[in-house]
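Please find one structure pasted underneath; my questions will follow.
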Amino acid sequence: MMLNPDDVIQQALTVSLADSDDLRLRARLMAGDIRIGRSAFLDRHAVESEYEYKKQAMQDGRIMYHAHIGMNDIDATAAALTRIHAELDSRQFQLDRAGFALDRRMGLPSGQRAAAAAETGPMLATRDDWSALAQAAPIQPHLGDFMIGQPASVANTVEALRIGCTTVGNLSQYFTFEAPGWHDTAATAAETCQAMQLLAEFRGQGVMLHSYLEDGFGALFKSCASVAAWAMLERYLVEELIGARLAHCIGGLTRDPIKRAGWVLALHEIHQGEQVGSMIYGDTLSFGREFEKNRAVTAEYLLWDILIQLHAPCGHAVLPLPVTEAIRIPSADEIIEAQLFGRQVEASARRLYPHVDFTAAEQFSATVCREGREIFDNALTGLSEAGANIRDPLQLLYLLKKLGAQGFETLFAGDVSNLESPFTDMFALSQDVIAEHRPLFSDAAFRKRVKGMRLLVASSDVHEHAAGALAQLLDEAGAEVVYLGAEQDPQDLLAALRRQAADALLLSTHNGMALEYARQLKQLLDSEAIALPIIMGGVLNQKVDDQALPVSVVDELKSLGMHPAAGLPALARLLPLQK
Ligand code: B12
C-alpha cells in the first residue's frame, strides 16, 4: 500500500543531510589532484574526450555504436573487448564505445563488497582491472552501472576519470538501484551529489554525466509525460544546480519505434538543443527465446534509432542487442554478430532515409514535452510549497528518492489516464501480463486453494514488474499478500518473516545470483528455525568462477529445497505447498 506522498515529503524534510556547498568545496579540492587519463580510444582518435568525438561524428553524419559487456570477470571482459575489436576491425568497422555491466557489489565501498552474493558482471579489485577497461582495445569505456548513484560513487568516479572514461553514470540508478545490504539513503545521496559535483569540475574537458532514464523511475512511471517531466527535473538538477553536462539515455524499455524516435526529439527539446546523448538502449523488452524473432526486433528498432540520428543528430550511439538478451548476459561472439548485423541495418536506413516521414515522432515529442513541462512545474512548485529548498541539489535528491515514482506521479501528474501522452511500454507490458494471467488466477478452484493464505512477495533486485503482477493477481484471488517490493536482501526477508509468519515466500530474481542468494536466505532462516515453502522465478542463473557467463541453477535450487517456477502458470499449479 502506497504511503501518503505529502507525509513522505514532510518526513524526509526532517532528516539532516550534509551541506551541498561543503560537498562542492571538497569536490573542487579533490579535482585538483585528479588528471583525466588517456584511454586507447582517445589516443587512437586524438581527442580530449568522448564529447569532442561525438560532436565531430554528429557533424560528419556518422552513426556511433555501443555494446554492453559484462562477463563474469575482468580477464574475460578484457578478452572479449580485444576479440570484438579485432573481428570488427578486420571488416573495417569499429565499436565506438562499450558499457560495462559491472557486478552490483561494485556500488558498495570496497571493504564491504565480499560479504554480498556474487552477481553477473566483473568485479574491479585493482587499478590494473580498471585500466584494462580502457586499454584492452581502442573502444571508449562507458561506466554507467553501479557507479554514480551508489554508496561508492566518488571513489568509483575518480577511478573512471583516471582511466580516461569521460562519460560516467548513472544518475537514474540512484533513484531505484540499491547496493546489496546497504540502507543509508542519506549517505548515498551525499556521495551521488559530490560525484556529480566532481564531474562538473571537468565539464570544460568534455566530461559528461550519463543518466539512463529507464534504469530509474522511467521504468516505474505509467505515463510518458511523467518520464519527460523527470528528464526535465534531472536536467534542472544536474545542469542548473550542479553545473555538470548531462547526457540522457533511453530506449531499453521502449518497444514502439515512433516513441523511440520521438524520445530523441524530445530530449533535443528538453536539453534546449544542447543534448549530446550517451546512447539509445536497444528494445530489451521485446526479446524472447526465439533468436530469429529477436533479430527481427533488432532490425525494426535499430532502423528507427539510426534514421532519427540521421534526421536529428543528437550524439547517441545505437545498440544492436545480441539475440540472447532475454536469457542471459551475451558472449563476445553474440555481440560481434549483433554489431555486424547492425551495420547492415545502417545501410538500409541510409537508403530509406529520404523517404521517411517523422511526423508521428514529432507529434509524440511535442505532446510529452508539453504535458511533461506542466508536471515538472507542478513538482518544483509543490516541493517548494511543501518546504523544500529547490535550489539545494542534495535535498532534492533525497526527497525525490523517498517520494518514489508512484508518489511523484500521484502528486504532480494526477490521473495520467486523462493525459494525451501514452502509457509507457513497460507499464503496458506489465498490464498485459496481468490481463493474460487473470483467468488462471480468478479460477474458482484456484481461489478456493489460496483463500486466506498469507503470501510474501518480493524481488531480490531492481526487477519488480513480475513481482508486482504476481502480488496483484494473488490479491485479486483472495490471498493475503504482503508485498515487500524490489531490492530485498536475504536479511530484509528474514526481518519480514520475524514480523509475521507466512504460508509461502514468492521470490523474483533476475541478476544472476539465484543460488548464492538462496543459500544465504536458507542459512538465515534455518538459524532462526523459520520454515516455509520458497517459490523462485525470474532468471534463475548464477555467476560461477571459471565460467565467462552465468549458468542455470534450477536443479541446484531444487536440491536446496527451493521451488523454482518457470512462470506464473507453474505457480498456479504449485500453490498451496506443504510447509
Ligand atoms: C525490464 C528489465 C530491466 C529494468 C527493470 C525495471 C524495473 N524496475 O522492474 C531495468 C532497466 C531497471 C533493469 C536493470 C538491470 N537489469 Co534487467 N532486464 C529487464 C528485462 C528487459 C525485462 C524483465 C521484465 O521486467 N520483464 C517483464 C516481467 C513482467 O516479466 P519477467 O520479469 O520476465 O518475469 C516473468 C517470468 O520470469 C516469471 N517470474 C518472474 N519472477 C517470478 C517469481 C515467481 C515466484 C514466479 C512464480 C514467476 C516469476 O513470471 C513473469 C511473467 O511471465 C530483462 C530481459 C528480458 N527481456 O527478459 C533484463 C534482464 C533480466 N536484466 C538483466 C540485468 C543483468 C540487469 C542489470 C544488472 C544490468 C546492469 N548492469 O545495470 C540491472 C539490475 C540492477 C539492480 N539494481 O538489480 C539481465 C539478467 C542477466 C542474467 N541473469 O544472466 C537480463 C536478462 C538482460 C540481459 N540479458 O542482460 N532491467
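Do we find a residue being closer than 23 Å to ALA116 by Cα and not in a strand (DSSP E or B) anywhere in the range 472-486?
There is at least one residue in the range 472-486 that is closer than 23 Å to ALA116 by Cα and not in a strand (DSSP E or B).
Say whether the condition of being within 30 Å of PHE146 (Cβ to Cβ) and within 10 Å of the ligand (Cβ to nearest atom) is met by at least one residue in the range 412-420.
There is no residue in the range 412-420 that is within 30 Å of PHE146 (Cβ to Cβ) and within 10 Å of the ligand (Cβ to nearest atom).
Just one of the numbered conditions (1) touching a Lys or Arg at 6+ places or on another chain (Cβ under 7 Å); (2) more than 14 Å from MET453 (Cβ to Cβ); (3) free of Cβ contacts under 8 Å to residues at least 60 places away in the same chain is not true of GLY512; which one?
Tallying (1) touching a Lys or Arg at 6+ places or on another chain (Cβ under 7 Å); (2) more than 14 Å from MET453 (Cβ to Cβ); (3) free of Cβ contacts under 8 Å to residues at least 60 places away in the same chain, GLY512 fails exactly one: (3).
Here is a follow-up. Residues GLU201, GLU214: which one is of a type in the set (Asp, Glu), in contact (Cβ under 8 Å) with a residue 12 or more places away in the chain and open to solvent by less than 20 Å² (accessible area, probe 1.4 Å)?
The conditions single out GLU214.
Which of the residues belonging to the range 277-303 are in contact with a strand residue (DSSP E or B) (Cβ under 7 Å, 6 or more places away or on another chain) and either closer than 19 Å to ASP215 by Cβ or open to solvent by 60 Å² or more (accessible area, probe 1.4 Å) (or both)?
Across the range 277-303, the qualifying residues are GLY277, SER278, MET279, ILE280, TYR281.
Identify all residues within the range 526-541 that are at negative phi, near the ligand (Cβ under 9 Å from one of its atoms) and in contact (Cβ under 8 Å) with a residue 40 or more places away in the chain; write none if there are none.
The answer is ILE535, GLY537, VAL539, ASN541.
In the range 469-489, what residues are touching a residue at least 24 places away in the same chain (Cβ under 8 Å), within 11 Å of the ligand (Cβ to nearest atom) and closer than 23 Å to ALA445 by Cα?
Passing the criteria: ALA469, LEU470, LEU473, LEU474.
Now for a different question. Looking at TRP230 and the list (1) open to solvent by 10 Å² or more (accessible area, probe 1.4 Å); (2) at negative phi, which single condition is not satisfied?
(1)
Any residue in the range 1-26 that's outside any loop (DSSP other than H, G, I, E, B): show its pairings with residues that are of a type in the set (Val, Ile, Thr) at Cβ separation under 9 Å, as long as the two are six or more apart or on different chains.
Going by the 9 Å Cβ cut-off, the qualifying pairs are PRO5/THR410; SER20/ILE242; ARG24/ILE242.
For GLY273, work out the one condition from (1) of a type outside the set (Lys, Arg); (2) part of a helix (DSSP H, G or I); (3) away from the ligand (no atom under 16 Å from the Cβ); (4) open to solvent by 10 Å² or more (accessible area, probe 1.4 Å) it doesn't fulfil.
Checking GLY273 against (1) of a type outside the set (Lys, Arg); (2) part of a helix (DSSP H, G or I); (3) away from the ligand (no atom under 16 Å from the Cβ); (4) open to solvent by 10 Å² or more (accessible area, probe 1.4 Å), the one that fails is (2).
In the range 449-468, which residue that is part of a strand (DSSP E or B) and more than 8 Å from the ligand (Cβ to nearest atom) is most open to solvent (accessible area, probe 1.4 Å)?
Selected residue: ARG454.
Further question on the same structure: Just give me the residues in the range 112-138 being within 24 Å of ASN511 (Cβ to Cβ), more than 16 Å from the ligand (Cβ to nearest atom) and among the small types (Gly, Ala, Ser), in sequence order.
ALA114, ALA115, ALA125, ALA132
Residues in the range 437-453: is at least one within 30 Å of ALA179 (Cβ to Cβ) and β-branched (Val, Ile, Thr)?
No: the range 437-453 contains no residue that is within 30 Å of ALA179 (Cβ to Cβ) and β-branched (Val, Ile, Thr).
Still on this model: Which of the following residues is in contact (Cβ under 8 Å) with a residue 40 or more places away in the chain, in contact with an Asp or Glu (Cβ under 7 Å, 6 or more places away or on another chain), away from the ligand (no atom under 16 Å from the Cβ) and closer than 21 Å to LEU25 by Cβ: VAL154, VAL207?
Exactly one residue qualifies, and that residue is VAL154.
Something else about it: If you check ALA502, ALA531, ALA572, ALA518, which single one turns out to be part of a helix (DSSP H, G or I), over 14 Å from GLU119 (Cβ atoms), more than 23 Å from the chain's Cα centre (by Cα) and not basic (Lys, Arg)?
Step by step, each of ALA502, ALA531, ALA572, ALA518 is checked, and only ALA572 is part of a helix (DSSP H, G or I), over 14 Å from GLU119 (Cβ atoms), more than 23 Å from the chain's Cα centre (by Cα) and not basic (Lys, Arg).
Just need a number here: residues in the range 281-307 that are away from the ligand (no atom under 14 Å from the Cβ) and among the aromatic types (Phe, Trp, Tyr).
Of the residues in the range 281-307, 1 are away from the ligand (no atom under 14 Å from the Cβ) and among the aromatic types (Phe, Trp, Tyr).
Another one. Taking MET106, is it more than 11 Å from the ligand (Cβ to nearest atom) and open to solvent by less than 10 Å² (accessible area, probe 1.4 Å)?
Taking the combined requirement at face value, the residue does not satisfy it.
Could I ask something else about it? Among the residues of the range 76-83, are any touching a residue at least 12 places away in the same chain (Cβ under 8 Å), away from the ligand (no atom under 16 Å from the Cβ), touching a Gly at 6+ places or on another chain (Cβ under 6 Å) and open to solvent by less than 10 Å² (accessible area, probe 1.4 Å)?
no
Okay, next question. If I go through the range 308-329 residue by residue, how many of them are surrounded by 24 or more Cβ atoms within 10 Å (Cβ to Cβ) and either in the same structural domain as VAL544 (by TED's automatic domain parsing) or more than 13 Å from the ligand (Cβ to nearest atom) (or both)?
6
The values are calculated or read from the model by the stated rules, or taken from the named source; none is laboratory data. What you see is a predicted model; the values in this text were computed from it and never measured. Neighbour counts are summed over all protein chains in view; Cβ atoms, including those assigned to glycine, are modelled from backbone coordinates with ideal geometry. Protein only, heavy atoms only, side chains kept; ligands, DNA and RNA dropped before computing areas. Shrake-Rupley method; radii C 1.70, N 1.55, O 1.52, S 1.80 Å.
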